Amino acid sequence: MGTFVFLISFIVSLSLFVFSVDSASSSCPIDLGYVETYPWDTSSCRDGDQDHCCMALLSLFGMGLAQHLKETSMFQLPTAAVSSSCLSELQTRLSAMAFQPSLVSLCFKNSTQFVANSSSCAGIITKEDWIKRVGEKTALDSSCKDLTGLVQCGSCLDAGMKVNSQLRALAPNSTKCFYFTILYAAGIVNELGPQDGTTAACILGLPLSNSKTGETSNHLSQETLFKLIFGFLGAFLVVLFALGSVVLYRIWQKKKKNAFHEEFVSSMQARVLPNTGAKWYHIAEIERATDGFSQKNFIGQGAYGVVHKGTLSDGTLVAVKQILDLDSQGDEEFSNEVEIISKIRHRNLLSLRGCCVTSDDCKGKRRYLVCDYMLNGNLSDHLFNSSNSRKELTWPQRKNIILDVGKGLAYLHDGIKPAIYHRDIKTTNILLDLEMKAKVADFGLAKQSREGQSHLTTRVAGTHGYLAPEYALYGQLTEKSDVYSFGIVILETMSGRKVLDTSSSSMVLITDWAWMLVKSGKVEEVFDNFIRKEGPKGVMERFVLVGILCAHVMVAFRPTIAEALKMLEGDIDIPRLPDRPWPLSHEAFRSSLQCSFLTNERSRPSTSMSTI
C-alpha cells in the first residue's frame, strides 16, 4: 500500500514538473517593460492611423528582438508558442497604456512571423549563421557604431542596403533579410544598444516623442558649448586661423563636388536618348515624393534595386526604384535600362515615367527610375503569399494575366526592331494594376538584339528555375529563352505552385511535375484547387499543355511567343507534346541540347554574335 501511494505521488510530481517546464518554455524571453516607459511617439496609434501605428509597433517590438539577439545570438524566437506569448505580453503592455485591446492582432495577423525559420533569410537563425554568410566584418561595422549626426545615420542606412543586397543575392526568395539587417545593426553593431535614442530613431525607424528629442538636443548643445568655450580660452587665434582654413577648404570642396555632380548628371543625360519623353527629376522631388525614402513607403527589394512608393506633387502615385549597383558598370546598365524602357510603349509593359541621377560626398552616385505604381502588387504575391489579405485569383483573372504577359513579350520580340530579350521573366516581375491587368516590369537585364542576328552569346543573368537550359549552360540567348520563362510562369499561374518544389529531399522542377501528371492522364491535378471546379476543363488543359511546350528543354520544340499566343487563344492546334529528354545532369542531355540548338540555328539565314 505504501509503495502504491509513493508511485501515485511520484507520477503527480512528475506531471507538475513537466507542466511547469512546458509553461516556462512557452513564456516570452523578452522583457517588454520598456514599452510603457520608453518615450516613443504614440500619436499614430492614438489617432487611428493604422499603417503608421503598425510600423511603429514593428520597430518597437524590433527593439526587444535586437536586445534578445544581443543576449542570445538568436535573430528570432524559438517556437510559435513563444512568439504568441511575446505578442500577448506586448498587447498587455499596450492595454495598460489605454490602447485598444486588438491593436497587436490588427498589426501582426501572422503570429509566426517572428519564429526562427531557415527560409526567412539565407538560412540565418543565429549570429554564427550571419557571420558564415556575410563574414565577421561588413559595411555595418564601419558605419553603424556612431550615429551622432544625420550624415552618420545616412551612412548606416546605406550600409544596411548594401548588406541586405548581399544577403538577397545569396537567397533571392528570402523575405526577412532587411529586418535581420536592422536587428543586427541595432543589437550587435551599435555600441549603445537598441534602446539608445539615436539607435532607435535611425536604425529601427522608431518615431520618438518630442521630449526625447528635446532632451538629446539639449545634451548635445551643452556639450558643444563647453567645447567651444574651452577652445576659445585655449587658443583663440589658432581657432580663428583653423576656422578660416576650414571655410576655404569647404568652399573649394563644394565647387569641386558641384562640378563632379554636374559632370555626372550631364554624362548620364547624354547617354540616354534625348527624345525618349522621359522626365528628369531632381533628387529633391524624389525625396519629397517618398517622404525621404521612409520605411513606411518601402515596397520591396530585388537583387538590383530597392523600390519605394511615392506621391508626386500632382497627387500621382509612382514607384521609385533606386539602383543599388554603384560601381562604374552600373552607369552602363542604368542607361541601358532607361534607353530600353523609353523605347517601348505597350499596355502590357510597364512604361518609364522619368529618372533621376545625383551624387554627393556622403552617398556617392545614386540612380533612380520612376514608374507608375501598380496598386495590386506583383503576381507572385497573389499566387504564393498566403499571409496577405488578397483574394485568390479566379480562373478568368489567371487566363487574362497569362495572355497579357504573352502580348507584352510578343511586342518585345516582334513589335519593335531590333527585338528585345527580357531575360528575367518571372512572377515577381509581373505587376498588376487596379483592374488586375498585367504589365511586365524590370528591364534591368534586358538585351537588345541586332538586325540579322539570330542569337546572342552573353554573360548569364537571371533567376534560377526560370532560365532556359541552353542559356544557363552555354549563355546562348534567343527569343526562345524568354519563351521558356513564359512557360514556367504559365504553369505557376495555373497550379499555384512554385517553379522549384523544395519540400522533399530533392528539388522537383514544375515542368517535370506537370509533365508526369499529363502523361498519366491526370492533367486536372495540375490545376490550382481554387480554380479546379471553376473554369472550362478543355481551355484550362490547353493552357497547361502550352506551358509545358513553351518550357521544353529542347529549343527546337518550343514555339515562338506569337505561336504560343495563338495556341492559348485556340487559333491553332497544339502539336503532340514530345517526350521529356534525359535529366539535366546526364551527359546525353548536354549533347542533345547542343544538337537541338544547332539544328534550330541552321534554319535561320544568320550568324551568331558575342556581347559580353
Residue ID - modelled with the highest pLDDT, chosen from residues in the stretch 451-488 that are in a loop (DSSP other than H, G, I, E, B), over 18 Å from Thr560 (Cα atoms) and touching a strand residue (DSSP E or B) at 6+ places or on another chain (Cβ under 8 Å): Gly465
What's the number of the only condition in (1) within 21 Å of Trp130 (Cβ to Cβ); (2) in a helix (DSSP H, G or I); (3) out of contact with any helix residue (DSSP H, G or I) (no Cβ under 6 Å at 6 or more places or on another chain) that Ser85 fails to meet? (1)
So Pro101 clears everything in (1) more than 21 Å from the chain's Cα centre (by Cα); (2) crowded, with 17+ Cβ neighbours inside 10 Å except one condition, right? Which one? (2)
Scan Thr493, Thr511 and give me the residue that is in contact with a Ser or Thr (Cβ under 9 Å, 6 or more places away or on another chain) and assigned to a helix (DSSP H, G or I). Thr493
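Of the residues Ser143, Ser88, Ser111, Ser73, which single one is among the polar types (S, T, N, Q) and either more than 27 Å from Ala171 (Cα to Cα) or out of contact with any Ser or Thr (no Cβ under 8 Å at 6 or more places or on another chain) (or both)? Spell out how you get there, then give the answer.
Working: Ser143 fails: either more than 27 Å from Ala171 (Cα to Cα) or out of contact with any Ser or Thr (no Cβ under 8 Å at 6 or more places or on another chain) (or both); Ser111 fails: either more than 27 Å from Ala171 (Cα to Cα) or out of contact with any Ser or Thr (no Cβ under 8 Å at 6 or more places or on another chain) (or both); Ser73 fails: either more than 27 Å from Ala171 (Cα to Cα) or out of contact with any Ser or Thr (no Cβ under 8 Å at 6 or more places or on another chain) (or both).
The match here is Ser88.
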Pairs where the first residue, in the stretch 174-198, is touching a residue at least 24 places away in the same chain (Cβ under 8 Å) and the second is of a type in the set (Phe, Trp, Tyr) and surrounded by fewer than 20 Cβ atoms within 10 Å (Cβ to Cβ), C-beta under 9 Å, 6+ apart: Phe178/Phe298; Gln195/Tyr34; Gln195/Tyr38
Single unsatisfied condition, Asp571 versus (1) acidic (Asp, Glu); (2) in a loop (DSSP other than H, G, I, E, B); (3) crowded, with 17+ Cβ neighbours inside 10 Å: (3)
Checking the structure you have, find out if any residue of the stretch 375-393 is in contact with a Leu (Cβ under 8 Å, 6 or more places away or on another chain), of a type in the set (Phe, Trp, Tyr), in contact (Cβ under 8 Å) with a residue 24 or more places away in the chain and outside any loop (DSSP other than H, G, I, E, B). no
Could you tell me which numbered condition Arg542 fails, if it satisfies all but one of (1) in a helix (DSSP H, G or I); (2) buried (at least 24 other Cβ atoms within 10 Å of the Cβ)? (2)
Any chance Met63 is over 26 Å from Asn385 (Cα atoms), under 29 Å from the mean Cα position of the chain (by Cα) and not small (Gly, Ala, Ser): yes
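Return the residues of the stretch 358-416 that are among the acidic types (Asp, Glu), within 30 Å of Trp280 (Cα to Cα) and modelled with pLDDT under 90; say none if nothing qualifies. Break it down stepwise before answering.
First, the residues of the stretch 358-416 that are among the acidic types (Asp, Glu): 360-361, 372, 381, 392, 404, 414.
Subset that is within 30 Å of Trp280 (Cα to Cα): 360-361, 372, 404, 414.
Within the stretch 358-416, Asp360, Asp361 meet the criteria.
Counting just the residues of the stretch 416-444 that are β-branched (Val, Ile, Thr) and part of a loop (DSSP other than H, G, I, E, B), which one comes out nearest to Arg459 (Cα to Cα)?
Step one: list which residues in the stretch 416-444 are β-branched (Val, Ile, Thr), which gives 416, 420, 425, 427-428, 430, 440.
Next cut, part of a loop (DSSP other than H, G, I, E, B) only: 416, 425.
Details: Ile416: 24, Ile425: 17 Å.
Only one residue tops the list, namely Ile425.
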Please verify whether Gln166 is within 23 Å of Ser73 (Cβ to Cβ), assigned to a helix (DSSP H, G or I) and either of a type outside the set (Ser, Thr, Tyr) or assigned by TED's automatic domain parsing to the domain that holds Gly135 (or both), treating the condition exactly as stated. yes
Restricting attention to the stretch 115-145, and to residues there that are surrounded by 18 or more Cβ atoms within 10 Å (Cβ to Cβ), of a type in the set (Ser, Thr, Tyr) and not in a helix (DSSP H, G or I), which single residue is modelled with the highest pLDDT? Thr138
Evaluation of Phe108 against (1) modelled with pLDDT of 85 or more; (2) more than 24 Å from Gly197 (Cα to Cα) (one fails), failing number: (1)
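The values are calculated or read from the model by the stated rules, or taken from the named source; none is laboratory data. Since we're looking at a predicted model, the values are computed, not measured. Every residue, glycine among them, receives a Cβ derived from its backbone with ideal geometry; neighbour counts consider all protein chains shown.
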